[in-house]
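Undergrad: Mind looking over this structure? Questions follow.
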Amino acid sequence: MSRLKKGLIITGVIIFLVLVFGFLFIHRLSTKGLPDYTGNVQLKNLIEPVTIQRDNFGIPHIFAKNETDLYRATGYCMAQDRLWQMDLIRRATQGRLSEIFGKDLVNSDLLLRALQISQKSHRVWQKSDAVVKANLEAFTDGVNQYIQSRGNNLPPEFSILGYTPDPWEPEHSINLIGYMAWDLTMPWNAEISLYKIAQKVGPEMAAELFPDLANQTSVVYEDFAEASSELDARDLLLSAAEPLRDLGITVFDGSNNWVVSGKKSTTGKPIFANDMHLGLFIPGIWYQVYQSVEGQYTVTGLALPGEPFVVAGHNANIAWGMTNVMVDDMDFFKEKINPQNPNQYEYLGEWKDMEVRKEAIRTKEGDVVEKILRLTHHGPIVSDFKQIQDETLSMMWTGNLYSNELRSVYLLNKARNWDEFKDAVSTFNSVSQNIAYADVDGNIGIYCCAGVPVRKKGDGSKIVPGWTDEYEWDGIIPFEDLPHSFNPEKGYVSSANNRSVSPDARTQIPQYPAPNYRIDRIREMLEAKDKLSIDDIKAMHRDHQSILARDFTPGFVSVLANEKALNETEKKALENLRNWDFTYEPDLTAPTVFEQTYLELMHNIFWDEMGDDLYAGYIKTGYIPRFGLDYLRRHPDSKWIDDKQTEAVESWNDMVVRSFQSAVSRLAEQYGPKPAQWTWGSVHHFVLKHPMGKVAALNTVFKLNRGPYPVGGSAHTVSPFRYPYAAPYDSDYGSSHRHIFSTANWDDSQTIIPTGESGIPSSPHYCDQTEMYVNYVYHADPFSKAAVDQATRYTQVLKP
């Protein structure tokens, strides 16, 4: 054999071995974190055996004979499925993301530390009652026993990032309260953005960007008693804050819920529907779990990875679910700094010392970055985070006030009636939610559970002087004075982040609500039939009818019909709009034409006054731009409408024509010359991304991301597949779950989440619900022991 031939053979063998060992290494890395759902396990500190029955989707149904065993098993199960996600969220609450992702997240860590989440958790832990503490300690023990049992056989993210998880502690679970409260805080993005815009264009023009609450007449608590109030109704500026969105650890944002009473349901008992809206990532934010303590209670629903209690779900007696109140729970104060000492600020004529903290932030690169946090009695100095150079702003936030949402959800899991429900949610202050209710006795209701600041002066929407006590808070509105509704005559309750109460209600909620589009459509469907079935509720969840498009399109068509200079492509696009029924179905072209025209109109009207930076900030303020554009549609004499870059004075009609033509041109350039190529489903996709999926090699090897999936709907439809204005049309936001609970027979309840129960990419339950979710298919949510037994695929027993 020639030397060349031998060399080729040896080289081929080496390449083959490298490939084989590479495959084995990747396979080992991918699968070593997979749990065994069937093997029996010895667990320390258990009192009696616990049985875990998982269904075809890997959802655990945990049967225990006492509470501490139940929550120890819950910790074990949750760690089996979501350990890396639990650690990721924990690191976010502690401001320790730089340790695993690197120095680019130092400023995010500093901001998260400024929120003082861990400090509040310590206060909550100290004040919690003995039963809740014992359950949290049991959950913690279950998590830690699982970590210890795995050794190096952990989910692949730990190996890829090169670290192992620290032991879990009870206060880490409580940290989720603070993080949820922060993620729900409305003003963080919008108030500063509008403040900067007002500085440039003046207060008169900026005021037109605030929601016109006089036009937001659909309220959540329609029957809340009217009376005089010491509190003024406030037209406030809010927006959804989405910190650390790319990591997939956002919590609540928008949401829908509605409950129909027995007189409006085909079952003769209430039917409950809820879908909470948030960023859609892998792993999903919800962990589906069923928990049962023999002879005491059974509860099923959604938990947050890292805490043991069901946040939204039902037990044998009641069902509950949530939507964001959109309350203004944050104020910004302009502080006067001592020119001789930057760590002092003026208050009531005296120089006060700030609290100064030195934060040492460790990074993945091995560095320790030292940063300084300064706090006044209002809260942390946040000017640097908001890139404001010439002023010193502090932030006051209800998330730093005492609340005990963990107590609330624990008691909700066991509540049996409206009175016990109210007692449970009375401490749900920082994570402000409209919590809907239904019970097996036929009652329905909804309660505004919110920490609503009582301001001495001002409306909360503007930056106020910090050197006086005129703008301080006098606590929060008492729970019993908050809006609520119980068994309303109309036979249903509903909310979709809309305005809470009418202007003459006895208690006002300072908020910036979502536009009426979703709630009005929900109520249209609720009123369309005398009685609704579970199938009717499903149809509501998948509804793609847009009231926003219904408001704007006829005006667009009327203007464009009189335009003589349309080319053939533009005429075909106009014909699609003219014949449209305002539904965002994937096979229609009209939604694409409308959305692109709407986006072009937004840019054409606002950009010339704002410029690049302000406009980029403005379109990140959630619902705010929609309010602004709707106001201008109804007030076409606004100064915003004229293009300041031209000598001519443009009208609303001129801007509609310009925007439509640029929209058609852009669509033709991006998707092809024929409008038939622009169907909504071909451009509008649902994409699920893993926090590490942006690294192409990791995504290829471990199959971290999922999609794209063509979908209908948009931000303003009941089924809300929202996309970022700056990057249409891939959606990473929508219903984080869909639940339908039947109080007539809990076994008829149905549910779905966008991902799957497992956060491990190689698990068969990683994204095994995604296709069903995209197609509006549900799976059973069994409740009776017989139904659970019938659905069981895996059984595991934890033994003392």
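Undergrad: Is there a residue in the range 688-699 that is closer than 28 Å to Thr770 by Cβ and touching a Ser or Thr at 6+ places or on another chain (Cβ under 8 Å)? Walk me through how you get there before you give the answer.
TA: Kept after step one, since they are closer than 28 Å to Thr770 by Cβ, are these residues of the range 688-699: 688-699.
Retained after the next criterion (residues that are touching a Ser or Thr at 6+ places or on another chain (Cβ under 8 Å)): 688.
Looking for residues that are closer than 28 Å to Thr770 by Cβ and touching a Ser or Thr at 6+ places or on another chain (Cβ under 8 Å), one finds at least one in the range 688-699, hence yes.
Undergrad: In addition: On the basis of being outside any helix (DSSP H, G or I), in contact with a Phe, Trp or Tyr (Cβ under 7 Å, 6 or more places away or on another chain) and aliphatic (A, V, I, L, M), does Leu688 make the cut?
TA: Numbers: outside any helix (DSSP H, G or I): yes; in contact with a Phe, Trp or Tyr (Cβ under 7 Å, 6 or more places away or on another chain): yes; aliphatic (A, V, I, L, M): yes.
Here the answer is yes, as Leu688 does meet what is asked.
Undergrad: Among the residues of the range 722-738, is any touching a Lys or Arg at 6+ places or on another chain (Cβ under 6 Å) and of a type in the set (A, V, I, L, M, F, W, C)?
TA: Taking every residue of the range 722-738 in turn, none turns out to be touching a Lys or Arg at 6+ places or on another chain (Cβ under 6 Å) and of a type in the set (A, V, I, L, M, F, W, C).
Undergrad: Next up: So is Ala697 in a helix (DSSP H, G or I), touching a residue at least 24 places away in the same chain (Cβ under 8 Å) and not basic (Lys, Arg) or not?
TA: Details: in a helix (DSSP H, G or I): yes; touching a residue at least 24 places away in the same chain (Cβ under 8 Å): no; not basic (Lys, Arg): yes.
Answer is no for this residue.
Undergrad: Further question: So, in the range 56-70, of the ones that are out of contact with any His (no Cβ under 7 Å at 6 or more places or on another chain) and surrounded by 21 or more Cβ atoms within 10 Å (Cβ to Cβ), which residue ends up nearest to Asp768 (Cα to Cα)? Spell out the reasoning first.
TA: Filtering the range 56-70 down to residues out of contact with any His (no Cβ under 7 Å at 6 or more places or on another chain) leaves 56, 59-70.
Still in the list and also surrounded by 21 or more Cβ atoms within 10 Å (Cβ to Cβ): 59-64, 69-70.
Details: Ile59: 11, Pro60: 15, His61: 18, Ile62: 21, Phe63: 24, Ala64: 27, Asp69: 29, Leu70: 26 Å.
Among those residues, the one meeting the criterion is Ile59.
Undergrad: For the range 421-442, what are the residues that are within 16 Å of Asn404 (Cα to Cα) and at pLDDT 90 or above?
TA: Selection gives Phe421, Lys422, Asp423, Ala424, Val425, Ser426, Thr427, Phe428, Gln433, Ile435.
Undergrad: I would also like to ask the following. What tally of residues in the range 359-406 results from selecting those that are in contact with a Leu (Cβ under 8 Å, 6 or more places away or on another chain) and open to solvent by 70 Å² or more (accessible area, probe 1.4 Å)?
TA: Matching residues across the range 359-406 total 1.
Undergrad: Checking the conditions here, which among Ile605, Ile547, Ile534 is over 30 Å from Asn257 (Cβ atoms), of a type in the set (A, V, I, L, M, F, W, C) and in contact with an Asp or Glu (Cβ under 9 Å, 6 or more places away or on another chain)?
TA: Sole residue among the options that is over 30 Å from Asn257 (Cβ atoms), of a type in the set (A, V, I, L, M, F, W, C) and in contact with an Asp or Glu (Cβ under 9 Å, 6 or more places away or on another chain): Ile605.
Undergrad: Restricting attention to the range 724-742, report how many residues are open to solvent by less than 10 Å² (accessible area, probe 1.4 Å) and either within 15 Å of Val683 (Cα to Cα) or outside any strand (DSSP E or B) (or both).
TA: 4
Undergrad: Something else now. Starting from residues that are open to solvent by less than 10 Å² (accessible area, probe 1.4 Å) and over 16 Å from Tyr163 (Cα atoms), keep the ones in the range 93-105 and report whichever is nearest to the chain's Cα centre (by Cα).
TA: Ranking the qualifying residues of the range 93-105, first place goes to Thr93.
Undergrad: Within the group Pro673, Pro636, which residue is under 22 Å from Pro591 (Cβ atoms), assigned to a loop (DSSP other than H, G, I, E, B) and more than 33 Å from the chain's Cα centre (by Cα)?
TA: Checking each option against the conditions leaves just Pro673.
Undergrad: Given the range 106-177, what helices (runs of 4 or more DSSP H) lie entirely inside it while holding 1 or more residues that are in contact (Cβ under 8 Å) with a residue 12 or more places away in the chain and basic (Lys, Arg)?
TA: It comes to 106-114, 117-127, 130-150.
Undergrad: With the condition kept exactly as written, say whether any residue in the range 300-319 is more than 30 Å from the chain's Cα centre (by Cα) and surrounded by fewer than 24 Cβ atoms within 10 Å (Cβ to Cβ).
TA: First, pick out the residues of the range 300-319 that are more than 30 Å from the chain's Cα centre (by Cα): none.
The answer is no, given that none of the residues of the range 300-319 is more than 30 Å from the chain's Cα centre (by Cα) and surrounded by fewer than 24 Cβ atoms within 10 Å (Cβ to Cβ).
Undergrad: Working only within the range 688-705, note down all residues that are over 20 Å from Ala92 (Cβ atoms), aliphatic (A, V, I, L, M) and crowded, with 16+ Cβ neighbours inside 10 Å.
TA: Leu698, Val701
Undergrad: In the range 759-787, which residues are among the hydrophobic types (A, V, I, L, M, F, W, C) and either more than 28 Å from Ser149 (Cα to Cα) or in contact with a helix residue (DSSP H, G or I) (Cβ under 6 Å, 6 or more places away or on another chain) (or both)?
TA: Correct list: Met772, Val774, Val777, Ala780, Phe783, Ala786, Ala787.
Undergrad: Answer yes if at least one residue in the range 38-53 is modelled with pLDDT of 95 or more, farther than 23 Å from Asn144 by Cβ and in a loop (DSSP other than H, G, I, E, B), and no otherwise.
TA: For the range 38-53, residues modelled with pLDDT of 95 or more, farther than 23 Å from Asn144 by Cβ and in a loop (DSSP other than H, G, I, E, B): absent.
Undergrad: From the list Gly248, Gly254, which one is closer than 30 Å to Gln85 by Cα and at pLDDT 70 or above?
TA: None of the other options fit; the residue is Gly254.
The values are calculated or read from the model by the stated rules, or taken from the named source; none is laboratory data. Remember, it's a predicted structure, so these values are computed and weren't measured experimentally. No Cβ is skipped: glycine too gets one built from the backbone with ideal geometry, and neighbour counts run over all protein chains shown. The area values use the complete protein model at the heavy-atom level, side chains included, leaving out ligands, DNA and RNA. Shrake-Rupley method; radii C 1.70, N 1.55, O 1.52, S 1.80 Å.
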